[in-house]
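Encoded as structure tokens, the structure appears first; notes follow it.
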Amino acid sequence: MHEHIIPSLAFPAIHASHAGIWMAKNDANTGEIICRSIGKGEAISLVCDTPTIMLNTPAIAQRLGYADINGLDILELFAFIHPAQFMVPTPRGLARKLDLLPNNIETGEVEEHINDDDIAPLLLKSAQKLLSTLQNPKWAERDGSWNSAQSLSRLKWPWGAVIVKNLPKPERAEKWLFSKLSEWEEQPPRGKPRTITLPHLDILEQLDELTGAQAEERPGQRILATKMGDIFTPRDGRDGPNMLLAEAGTGIGKTLAYLAPATLWSAASGGNIWISTYTKALQRQLTSEAKRAYRDHENFKHRVVVRKGRENYLCLLNLEDALQGGFAGRAAILAQLVARWAAYSKDGDMIGGDLPGWLVTLFRRNGTNALTDRRGECVYAGCAHYRKCFIEKSVRASHHADIVIANHALVMVNAARAADNDQMPKHIIFDEGHHIFDAADSMFAADLTGQEAIELRRWILGPEGKSGRGSSGRRRGLAARLADISSYDDEGGRAIAQACHAAEALTADNWLSRIAEGQPSGPFEILFSAVRDMVFARDESSNGHDAGYGLETELTQLSPALTDAIPEAIDQLEAIVMPLQKLGKRLEAILAESPDWMDAMARQRAEGALASLGWRIDLINSWISLLSRATGMADPDFVDWLAVARVEGREYDIGIHRHWLDPTKPVSEVVLKNAHGVAATSATLKAGGDWDDAMARTGAHHLQNKVHQFEAQSPFNYAERAEVFIITDVKRGDLPALARAYGRLIEASRGGALGLFTAIRRLKSVHARIADHLARNGLPLYAQHIDPIDTGTLVDIFRDDPHSSLLGTDALRDGVDVPGRSLRMVIMEQVPWPRPDILHKARRLAFGGNEYDDRIIRARLAQAFGRLIRRADDHGHFILLSPSVPSRLLNAFPSGTIITRLTLDEAVEKIKNPLSIAPDLRHINNQLL
């Protein structure tokens, strides 16, 4: 195939890492690439004065210590040329994607390792190859590129002029994005599923079909599949489902064990099953595994749907506004690149979908929040793009899918807000079931904070700045969203006007500044000012040295100022909620009357507005209840407190909080009791405890009917494949010693380490001390909260390079799946003790004191250890840098795992010479060295 040749680029390329800085450019005379090492001063001068090719501009800016850089980012070029395509955003990932990895001269095999001094020349070659795609007649993403390039060039995008110069003009005018997207079609309602019982033999045959003829037989998987099938048996009573708790160790194959009966039951009954997860990684894995049951791609698209909250999807109306001048500067460039992606995206999912996670992090002021429906401002059928809406497509597809893959929070939201019982999920499988408690804790909480109040104000009033209230922009107020309906209904119009007037009492822009200056404006700013004063007066850490954490105090014995502020705030909330309730009744009446002016689109708009009103009314009523309780009797089912939220000493919110003491109570009432069949499964459902622990974590102990239990041990040989080291000579609180331990352990293993921290401050301190040294030894170190990359992409980078290591916090402890040699050591800085905040202390008192703490710690240790061994040939070390690990916690680790207390020097020697585990590890270790 003929490939168009782009003339040699005149731009230099730069690469900066913790190991140094390199610059490459094409020699004007010979055309050869010249590369040399340069200093930081020369590098800053270069990128400020000359358009420079680089990979991940924010990361380069961070390395140089100079934030104001706007170069020719090759990731942005890739996003333009290959939208909706995955690529690991590293030099090696780029070279692999573009087939530019060098061949070994002796063996002829592809070399995966790239030296730092080879990266700058690689960037020049990569840019050249990407630009050559523009002339390729087989370029799959050509459609729409001409118009997009013209728009980006007008916005002064650094690559714009280069692309326009080399991109042939299309023979026919290109269609605009919004005219190219497909429309969803109305379908008749799904009927109720038929009542059937699955024979165990049929389930096992389906399992054999999914696993394949050559698969190794797993007895635990086969038993689990039949147990899972029993949840689809018709239930006997109305107040509880057929429920199974299943602890299935890593390697059992629990995903296919529940997909076998689920797909079989759906096909036979005509019903659908919701499979709920807690992490995006498992959602992706589930989607991949489900393809085994629906091998035809078109059939799979209709049978399996990933369902997420509205805030995950691109809002086409917001995008249109951004493209037509709603965004400026770099945000406008981002909007154009997102539009390129939207034309090729399979589902419009911006968070964890096929939009590259690294793309949005390239733009310092992340504009993606304004491109999704995060504030509930959707106008539904009133939107010109309603028939093409990604969100509506997802919702409608889930109604007719066999398998709906969702998350715990969405399952709970759908059950809580379902208009009637028939709309609730009836058969649910909670994978990662140990997180049900945590998901419910967030879902069923009431938080009256300044940020929440200002969001409510914006939802009712719309934008209030220069554009004026009721703007036609992407953030419309209630009056603008329901203008056509209210114009036909005087009573509804008056209700909207009353709600808008009352909402002016809510917190407004710059509310935190006014409170800090002692000049609160309005009843809610006065309320939050009183909350802040009371917290600072009573929280013992407020005058101490721990400025990184938020501050809090119990909601009891209120100060006079807060006592005076609460009644006025309640009155104002009631003044808001009463007209909203009237508006809701008017919408219900209009829908029932079906007046002549109400066509199908107006009806859909009214129905959507009614649903949105309903949960806003519930929110306000929960705030009224919370404030009313503040001056009354305590409710033993709830924990209430006041808090000032801070990050690194900077205040960002103030509020009053109410959480359920046991959040699985509402789960059992709203979700479990209305379902017909439920399973909760996890590799760590008991986490070293007993079935009472599992019952408490899932809400099953609130059910009256019998809950079935099943346990299958992992088939992995942990005694040979893993070892736990408890380091006895790293003193707690000694940050230099902690950093030295991390550095030595990572060097000993030649990378492949996942470092887990309980405090961001300590993570940053350790990273600062060891990153440069490790990089100079060819061991890249990445970190959450430091590297300007989203967490999912950090994991992708870590997975891609067996010499790299990754530092992070809770999100990495629970949601990382890195099989193979890229993860061969997990390091925890200390025992993951629960933070003794007000909520935890209340639960500790209610649920067993020290034993409650131990259950939490064992669960965290089990989850962290679970990152290490993901398949039978994995191996590695789990290391606790804490000399005082109580022996009672060690049953968190799988039975048979070797646990050794030793010094750091001894641990380093064992990691370098891993004879204590499997005999094949010395060979693997030598390969890495």
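Values quoted throughout were computed directly from the atomic coordinates according to the rules given, and no laboratory measurement underlies them. Computed from a predicted model, the values in this text were never measured in an experiment. In this analysis, Cβ positions are derived from the backbone assuming ideal geometry, glycine residues included, and neighbour counts consider all displayed protein chains.
Could you pull out every one of the lysines with an alpha carbon less than 20 Å from that of Lys346, ignoring same-chain neighbours closer than 8 positions? List returned: Lys175, Lys180, Lys280, Lys291, Lys301, Lys308, Lys388, Lys393.
If we count every other residue with Cβ under 12 angstrom of Phe80's Cβ, Lys/Arg +1 and Asp/Glu -1, where does the sum land?
-1
Taken about its Cα centre, the stretch 718-928 carries a charge dipole of roughly 480 debye when the Cβ of each Lys and Arg holds +1 and the Cβ of each Asp and Glu holds -1. With all pairs of different C-alpha atoms in the average, the Kirkwood value for the hydrodynamic radius of the stretch 447-660 is 18.6 Å. For the stretch 718-928, the fraction of C-alpha pairs farther apart than 24 angstrom is 38 percent. Diffusion of the stretch 234-362 by Stokes-Einstein, at 10 °C in a medium of 1.306 mPa s and with Rh set to the Kirkwood radius over alpha-carbon pairs, works out to 89 µm²/s.
Answer rounded, prolate or oblate for the stretch 108-164, using the Cα gyration tensor with square roots of eigenvalues a ≥ b ≥ c: rounded when a/c is under 1.5, else prolate when a/b is larger than b/c, else oblate.
Values: a/c = 3.81, a/b = 1.77, b/c = 2.15.
The shape class here is oblate.
For the chain, the Cβ-based charge dipole about the Cα centre amounts to some 1080 debye (Lys, Arg positive; Asp, Glu negative; other atoms uncharged).
Taking the fewest neighbouring Cβ atoms within 10 Å as the starting point, the ordered list for Thr255, Thr507, Thr50 is Thr50, Thr255, Thr507. Amide H contacts under 5 Å for Thr728: Leu902, Thr903, Leu904, restricted to partners 5 or more places along the chain or on a different chain, H placed in the peptide plane at 1.01 Å from N.
Can I get the semi-axes of the stretch 491-611's equivalent ellipsoid? Compute them from the C-alpha gyration tensor as square roots of 5 times the eigenvalues, in angstrom, largest first. Numbers along the way, then the final one.
Values: eigenvalues 350, 46, 34 Å².
In descending order, the three semi-axes are 42, 15, 13 Å.
How large is the translational diffusion coefficient of the stretch 348-408 in µm² per second when you combine the Kirkwood radius over alpha carbon pairs with Stokes-Einstein at 4 °C and 1.567 mPa s? Answer, rounded: 94 µm²/s. Ranking Ala569, Ser594, Phe528 by Cα position along the charge dipole of the stretch 447-660, where only Lys, Arg, Asp and Glu carry charges on their C-beta atoms, puts Ser594 farthest toward the positive end.
Given the rule -39500 (n - 2.57) for each run of at least 4 DSSP H residues, summed and divided by the residues of the chain, what is its mean residue ellipticity at 222 nm, to the nearest 500 deg cm²/dmol?
Numbers: 38 runs with 408 residues, N = 929.
Helix-only estimate at 222 nm: -13000 deg cm²/dmol.
The fewest-to-most ranking of Arg799, Arg172 by surrounding Cβ atoms within 10 Å reads Arg172, Arg799. Ranked by the mean number of other Cβ atoms within 10 Å of their residues, highest first, the peptides 888-900, 141-153 fall in the order 141-153, 888-900. Annotation: peptides 576-587, 332-343, 830-841, ranked by per-residue average of other Cβ atoms within 10 Å with the highest first, follow the order 332-343, 576-587, 830-841.
When the Cα positions of Ile857, Leu807, His877 are compared along the charge dipole of the stretch 718-928, Ile857 comes out farthest toward the positive end, with charges on each C-beta of Lys, Arg, Asp and Glu.
Ratio of the stretch 587-722's C-alpha Rg to 2.2 N^0.38 Å, to two decimals?
Numbers: Rg = 23.2 Å, N = 136, 2.2 N^0.38 = 14.2 Å.
For the stretch 587-722, the normalised Cα radius of gyration is 1.63.
What base-10 log of the normalised intensity I(q)/I(0) is obtained for the chain from the Debye formula, alpha carbons as equal point scatterers, at q = 0.05, 0.06, 0.08 Å⁻¹? Those come out to -0.32, -0.47, -0.88, one per q. Taking chymotrypsin sites (Phe, Trp or Tyr not before Pro) across the stretch 581-649, the ones in a DSSP loop with at most 16 further Cβ atoms lying within 10 angstrom of their Cβ are Trp597.
Close amide H pairs (under 5 Å, H built 1.01 Å from N) link Leu807 with Gly755, Tyr782, Ala783, Gln784, residues at least 5 positions away or on another chain. Any idea which of Ala675, Ile656, Leu583 is furthest toward the positive side of the dipole for the stretch 529-688, if Lys and Arg beta-carbons carry +1 and Asp and Glu beta-carbons -1? Going by the Cα projections, it comes out as Ala675. Highest mean first, the peptides 293-303, 154-164 sorted by other C-beta atoms within 10 Å per residue fall in the order 154-164, 293-303. Charge tally for Ala267 (other residues, Cβ to Cβ under 10 Å; Lys, Arg +1; Asp, Glu -1): 0.
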